[in-house]
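The block underneath contains the structure these notes are about, expressed in structure tokens.
Just so it is clear, none of the values below were taken in a lab; they were calculated from the coordinates. Predicted model, so just to flag it, every value in this text is computed and none were measured. Every residue, glycine as well, gets a Cβ built from its backbone with ideal geometry; the counts of neighbours run over all protein chains shown.
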Amino acid sequence: MTLRLFDTASRSVREFWPVTRGKAAVYLCGATVQAAPHLGHLRSAVCFDILVRWLEASGLQVTYCRNVTDIDDKILGAAAAEGVPWWALAERHQREFASGYALLGCRPPDVEPRATGHIPDMVALIQRLVATGHAYLAGRDVCFDVSTADSYYTLSGPRPQDVPSSEDTGYTSFKRDPRDFVLWKAAKPAEPAWPSPWGPGRPGWHIECSAMATGYLGPAFDIHGGGQDLIFPHHENERAQSLAAGDRFARYWVHHGLVTVTGAKMSKTAGNALAAADALDRVRPQELRYYLCQAHYRSTIDYSADAVQDAAAAYQRVERFVRRAQRALGPAAPEPSALPISFTAAMDDDLSVSAALVAVHATVRDGNYALSTGDLQTAVTCLAQTRAMLAVLGLDPLAPAWQSDGEDGRLREVVGALVALALRQREAARARGDYASADSIRDALEDTGVLVEDTPEGPRWELAR
């Protein structure tokens, strides 16, 4: 079966055929680093990390490019509010993003270009657009003429003709059409500026990605991705200006769903963003990764602490089998092997990780049964297949990414098993009506920092903060 991906531009699931046989070029719109990363940023990184891993597991040589927007109106505003240089604020937050991605076991991109390092390329691209009549001087700024883009709205769908295509505030007085967007912003007092044929200034947001994507991946490449909130105006404008400049640009547009809180998009502007650091304080990185990848990448995740804990418990069941089987098999423990057909079919079906995890848990159940009955040959097969599937998802407990967890991870596993034993004893006491003993067990757990909550699905526990 060939990989099939949902392409936003065609609004259909299409078979994936790369531009160059045996290779795949992927561009992901990375973060604008005006603040520390939140859970939505981590989901983006995890979704595309799994896409890249699956392309590589399918035998393709992947070039993965993820940009950093380190100059932007929001960055300048945040830096002014803090009273720090804009570049210092951007650098600080970029390091926080890099740390968060690494903690979640994300494969580093092959190249991670920064906008400020590619301004001459952006100027050259704008010059091409001006020369061909697709851009014009608007006062001291340069704007893209949307009326010259034949396939505008292909990504986002038809919109009213008077709806502005850009969030450019303060750059509208000289536009020919409110939908036009700024490619080059003339310098303002006390703001950073770079030289250009139109005078000192800095690039608009949309031109950055067009220049960096084609600069590293070529005028025609395979996959351009990002969150669904970027479809309009950002990706619509990227596509329009790139095609107008004569580039074929991306063949597939892949967009992941958002993380919401009680139905509202998680964002720094809305004030409801769960910081990545806070999320990682609540569960281990691999457990948070499991939570972020278990739903289909195009679906919306509505964040809740209970859902994160459920995901952590599901991952721990898989982890316990892998570690138990590894210890039991010793030297006979295998390296990861061929992937089960059910897992491959799920991943080829528009990266259906939820279905792929069904295959993982089914193999884990078979492996646990084989261990309990002494069927070591079946246990070997199940362990090898489980690790192979988890490697694609970036969740193999024995992978180097998680070995820094080392003794802490083993300690968590032991503590979890002991707490589970105590809770079973408590449930048995309650079942026989010995409530004094049940309460005593609960009190003893709480004295050691283990908080127990009784739910309709059974008791849950967590470590006190």
- Note on the structure: Rg from C-alpha atoms of the stretch 9-113, normalised by the globular rule of thumb 2.2 N^0.38 Å, equals 1.25
- Query: Taking Rh as the Kirkwood radius computed over C-alpha pairs, what is the Stokes-Einstein D of the stretch 305-398 at 10 °C in a medium of viscosity 1.306 mPa s, expressed in µm² per second?
  - Reply: 119
- Excluding same-chain residues fewer than 8 positions from residue 74, which lysines have a Cα within less than 24 Å of its Cα? 175, 185, 188, 265, 268
- What relative contact order, as a whole-number percentage, does the chain give when Cα pairs under 8 Å and 6 or more residues apart are counted? 15
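Taking the number of other C-beta atoms within 10 Å as the exposure measure, put 119, 50 in order starting with the fewest. Walk me through the intermediate numbers first.
On the way: 119 20, 50 24.
Ranking 119, 50 by Cβ neighbours within 10 Å, fewest first, gives 119, 50.
One quarter of the convex hull surface, Cα atoms only: what value does that give for the chain in nm²? Walk me through the numbers on the way to the answer.
Details: hull surface 101.5 nm².
Taking a quarter of the hull surface, the average projection is 25.4 nm².
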- Tell me, what ³J(HN,Hα) does each residue in the stretch 128-133 have, in order and in whole Hz, if you take phi through Karplus 6.51 cos²θ - 1.76 cosθ + 1.60 with θ = phi - 60° and put x for Gly and Pro? 4, 5, 5, 5, 9, x
- Karplus ³J(HN,Hα) for the stretch 70-75 (6.51 cos²θ - 1.76 cosθ + 1.60, θ = phi - 60°; Hz, whole; x = Gly/Pro) runs 10, 9, 5, 4, 5, 5
- Any idea how far the Cα center of the stretch 174-235 sits from the one of the stretch 422-464, in Å? 58
- In whole angstrom, note down how far apart the Cα centers of the stretch 98-149 and the stretch 319-346 are. 44
- Projected onto the charge dipole of the chain (+1 at Lys/Arg Cβ, -1 at Asp/Glu Cβ, origin at the Cα centre), which of 77, 233, 304 gives the Cα projection farthest towards the positive end? 233
